[in-house]
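Have a look at the structure below, then the notes.
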Amino acid sequence: MKLVSLLVTLLLGALLLTAAADFPSWGDPHSPASLHVSDYYIENSLEQTAVPNFVTSILADYRGYDTMFETTVIFCAGLTVLTLLRRSHRKEKKVVTPRPNREDQDLILTSAARMIAPMMQIFALYVVAHGHHSPGGGFQGGVILGASFILLALSYDLQTVLGRLKERVALIMSGIGVAIYAGIGAGCLLLGGNFLDYGVWSKVLGVFGVTPVTARSHGMLGVEIGVAITVMYIMFSLYADLSSGGEMDEGL
Amino acid sequence: MRELFGTVIGEYNYWAFLILLLIGLHAMISKNNLVKKVIGMSIFQSAIILYYVSTGYKKGSTIPIMAHGHGTEPIHETAGQMVAGFVNPLPHVLMLTAIVVGVSTLGVALALIQKIYRVYGTIEEDEILEKITE
């Protein structure tokens, strides 16, 4: 098996190396990848969406459908892991024996985690809310938020965190995150625009002095918040399921 | 020959991505342990992400954020200058979504491996095959 694999790998390597000679050189501004639509995005993003971060404006507006189904992919992954690992207790009547309480929880670890977690969460909120203007956005902020809960679960134990963040709540909230995204898109339909065409939200937000251009920026913020909620809860749910084998009893 | 050598050295970003890609592929095919296969898949994904992000780079350009966020922004006289002044944002967006899908597939893969371990008691591929054929 090793020999076959080595042969296939080396063949592919030789093939790709010969192809690499035809590729544009490193840092070429006229490479085919940066000639067509990306120029349009760079030139028009600020005028059309009032968002200076091109990555965010492409992610949440020009390619809004892509990101919406991306969020759905995460949601589905969370559900899949849950359904794969969960045993039906109705059949087995398995008695979950809670692990004897760990008396030797490390003082340094727990107090450090207790101090770091709120900082992480505040920073994550900043990353989400400031995603249009600086590097960041819903996915990144959501992952940091999820990581703060995982940190707590690692340093205390899973039960402590599940006592504050119920699994049922986590799943409902991750569904709500996707619903926020789709709801903002569907609101555009109700207001007479296309799906995810945030500009029409100015009809509602116009009382606050929002123009169709800045309405796109606000629409993106709303969408990013939805993404962040989904990502945060799914990340934690993935950790909780995988670390406890679906039992939700002890964790690592 | 010398020309070829020059192009190959000049395009070292492809080298880095190629080597990572081959390591990942080799691990996915040859390793017997399922967790190691998943690690190979992650390396493979990283190679592709590296490749895409490297195609977006333009010489002398800066991060794709306009107007504020970095103080030393040159003044762009024409649209062409402006386009050349920023890294191509499209590969970044595509790879952002690819990373997210990577996390999802990793989670599902680990869950599947746990399930396999629960049923067969092992995650070595040949042992699983033996138990299936028994």
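The values are calculated or read from the model by the stated rules, or taken from the named source; none is laboratory data. Please read all numbers here as calculations on a predicted model, not as lab measurements. Cβ placement follows ideal geometry from the backbone for every residue including glycine, while neighbour counts extend to all protein chains displayed.
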Enumeration of residues in segment A:236-246 that are more than 11 Å from chain B (Cβ to nearest Cβ) and either of a type outside the set (Phe, Trp, Tyr) or part of a loop (DSSP other than H, G, I, E, B) (or both)
A:240
Of all the residues that make up segment A:13-31, how many are modelled with pLDDT under 80 and small (Gly, Ala, Ser)?
4
Of all residues in segment B:89-134 being of a type in the set (S, T, N, Q) and more than 7 Å from every other protein chain (Cβ to nearest Cβ), which is farthest from the chain's Cα centre (by Cα)?
B:133
What number of residues within segment A:9-64 satisfy the criterion of being touching a residue at least 40 places away in the same chain (Cβ under 8 Å), among the hydrophobic types (A, V, I, L, M, F, W, C) and either within 7 Å of chain B (Cβ to nearest Cβ) or more than 30 Å from residue A:228 (Cα to Cα) (or both)?
2
Counted residues in segment A:151-171 being in contact with a Ser or Thr (Cβ under 9 Å, 6 or more places away or on another chain), surrounded by fewer than 20 Cβ atoms within 10 Å (Cβ to Cβ) and of a type outside the set (Ser, Thr, Tyr) come to 3
Those residues of segment A:103-113 which are assigned to a helix (DSSP H, G or I) and in contact (Cβ under 8 Å) with a residue 12 or more places away in the chain, in sequence order:
A:109, A:110, A:112, A:113
Starting from residues that are of a type in the set (A, V, I, L, M, F, W, C) and under 15 Å from residue A:153 (Cα atoms), keep the ones in segment A:113-142 and report whichever is nearest to the other protein chains (Cβ to nearest Cβ).
A:120
